[in-house]
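The values are calculated or read from the model by the stated rules, or taken from the named source; none is laboratory data. Just so you know, these numbers come straight off a predicted model, no measurement behind them. Positions of Cβ are backbone-derived with ideal geometry, glycine not excepted, and every protein chain shown enters the neighbour counts. Protein only, heavy atoms only, side chains kept; ligands, DNA and RNA dropped before computing areas. Shrake-Rupley method; radii C 1.70, N 1.55, O 1.52, S 1.80 Å.
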Amino acid sequence: MLKLSSIFEMRVAVSDTRIETQLDALKEAVAMALEYANQLGCQAAEVAISKQQGLSVSTRLQEVETVEFNKDGALGISLYRDGCKGSSSTSDLSADAIREAVKAADNIAKFTSADPFAGLAQANLMASEFPDLDLYHPHDVSPEVLAEMACAAEEAALNIDSRIKNSDGASANAHTGIKVYGNSHGFLHGYASSRYSLSCVVIGEDAQGDMQRDYDYTVSRRYDQLLDPASIGVQAANKTLGRLGARKIATGQLPVLLAPEIATGLMGHLVGAISGGSLYRKSSFLLDALDSQIFPEWFSIQEQPHLLAGLSSAPYDSEGVATQDRAIIQDGVLATYLLTSYSARKLAMKNTGHAGGIYNWTLADTGQTFDELIARMGTGLIVTEVMGQGVNMVNGDYSRGAAGFYVENGVIQYPVEEITIAGNLKDMFKNIQAVSCDRDLRSSIRTGGILLGNMKIAGN
């Protein structure tokens, strides 16, 4: 077992007041790389640096198992010559190492095939305003503190009920990072961010020997906004206890209520289907669906990149393109694709500033809580876990192993497992009946539970 006293010096200096100095140094490195690329006669160049540091402590049965300290980062550069692209990277930020990395990228560009769609994003799309999005909240964190948090979560879980027999571990994490991006349009900017999290997984066993596991977690930009460790442990234990005695149900068709953490996954398939890479490769079930009705008329998704302290907030994407509030789904209609500079050129469309991902999607709700949706469903299936990779993004066919709870007359009857839910994503999207108002805010997709119409259930 690791002894924390021997690694006290691994304390994370996330409270470092020299953040501006660090940012300035990284900007100088990016500017140096861009200047040297210009000296070599490259037509365009872009450079990005990301540096992270953090601590992760994992425990099991209230004993420390691992303590990991990471401090890493790298400079990546892409150069363009006559439509040919060369890329290289270096973790050494000395002047000589940066020059060598630029030379390497330039040499690679001389031997690659020309691609008429390659290049920087348009200059007029570059961000020019940089609001403070409240992303950086340094907090002095030590391995001891993180270990205490993880142990407290486990202790609360293990003490709640004698059927909680074991722990699969808890983990507490504290990370900070700096991102700097620049290109030959004259764009050069960077910002810092922080992220803290705590999770706990426990195992339960009933008198008949049925064993189940479940988990809970909390994540925030601010250390002081993490949920109490004991509450995480209690919730993990209660979720595990609720799954004991799970059984199969008969094959048939039932409405399905996706728990919020599973609903985010359903919307994740939408992200993949409307992303430029899938579209120009013609590997999406939503080809040519722009401006089409793909959800019910009441259904909407808004993207809000500038939410203060949002887990997916950013002033610009990884190409420097300004992010902006936009409707993804408006009155059930697909209002936009998610395009980078490359995919936009391939599709002869406009760049939407989605290089690097999405930014705080918020689903409109229908005003009911999750419990109220259970009552509304009447008889059906609550899905709290899905397994397997049974999603065909080309035609939308969906088939996943699942576990959850059988509901009758609006009341949960018993837990279920070893079943399969199946349908087609196009039909599932159109058959969304409601979205609960108690959203899960722990990911880039902020949604409550999603109630679907009948799906095929394969059980006994």
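Any residue in region 356-375 that is in a strand (DSSP E or B) and either surrounded by fewer than 15 Cβ atoms within 10 Å (Cβ to Cβ) or among the hydroxyl-bearing types (S, T, Y) (or both)? Scanning region 356-375, I find at least one residue that is in a strand (DSSP E or B) and either surrounded by fewer than 15 Cβ atoms within 10 Å (Cβ to Cβ) or among the hydroxyl-bearing types (S, T, Y) (or both), so the answer is yes.
Figure legend. Inter-residue proximity from region 307-319: first residues open to solvent by 30 Å² or more (accessible area, probe 1.4 Å), second residues among the aliphatic types (A, V, I, L, M) and not in a loop (DSSP other than H, G, I, E, B), beta-carbon distance below 8 Å, spacing 6+ or different chains. Indicated pairs: S318/A48. Of all residues being in a loop (DSSP other than H, G, I, E, B) and free of Cβ contacts under 8 Å to residues at least 40 places away in the same chain in region 109-139, which is most open to solvent (accessible area, probe 1.4 Å)? Just the residue, please. Among them, the one singled out is F111. The residue that is surrounded by the most Cβ atoms within 10 Å (Cβ to Cβ), among those in region 428-453 that are over 25 Å from the mean Cα position of the chain (by Cα) and not small (G, A, S), is N431.
Counting the residues of region 140-188 that are on the phi > 0 side of the Ramachandran plot and either in a strand (DSSP E or B) or among the charged types (D, E, K, R) (or both) gives 1. Within region 398-410, can one find any residue that is open to solvent by less than 30 Å² (accessible area, probe 1.4 Å) and under 20 Å from the mean Cα position of the chain (by Cα)? Scanning region 398-410 turns up no residue that is open to solvent by less than 30 Å² (accessible area, probe 1.4 Å) and under 20 Å from the mean Cα position of the chain (by Cα).
Only residues that are touching an Asp or Glu at 6+ places or on another chain (Cβ under 6 Å) and more than 26 Å from D224 (Cα to Cα) were counted across region 288-318, and they come to 1. Residues of region 376-397 that are more than 14 Å from N454 (Cα to Cα), surrounded by 14 or more Cβ atoms within 10 Å (Cβ to Cβ) and not β-branched (V, I, T): E385, G390, N392, M393, G396, D397.
Residues are listed down the side, and each one gets a yes or a no for (1) open to solvent by 40 Å² or more (accessible area, probe 1.4 Å); (2) closer than 30 Å to G76 by Cβ; (3) touching a Ser or Thr at 6+ places or on another chain (Cβ under 6 Å):
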| residue | (1), (2), (3) |
| --- | --- |
| R163 | yes, no, no |
| N166 | yes, no, no |
| Y181 | no, yes, no |
| S184 | yes, yes, no |
| A192 | no, yes, no |
| R195 | yes, yes, no |
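Among the residues of region 142-178, the one identified as in contact with a Lys or Arg (Cβ under 7 Å, 6 or more places away or on another chain) and hydrophobic (A, V, I, L, M, F, W, C) is I178.
Can you pull out the residues in region 339-355 that are part of a loop (DSSP other than H, G, I, E, B) and either at negative phi or open to solvent by less than 40 Å² (accessible area, probe 1.4 Å) (or both)?
L339, T340, M349, K350, N351, T352, G353, H354, A355
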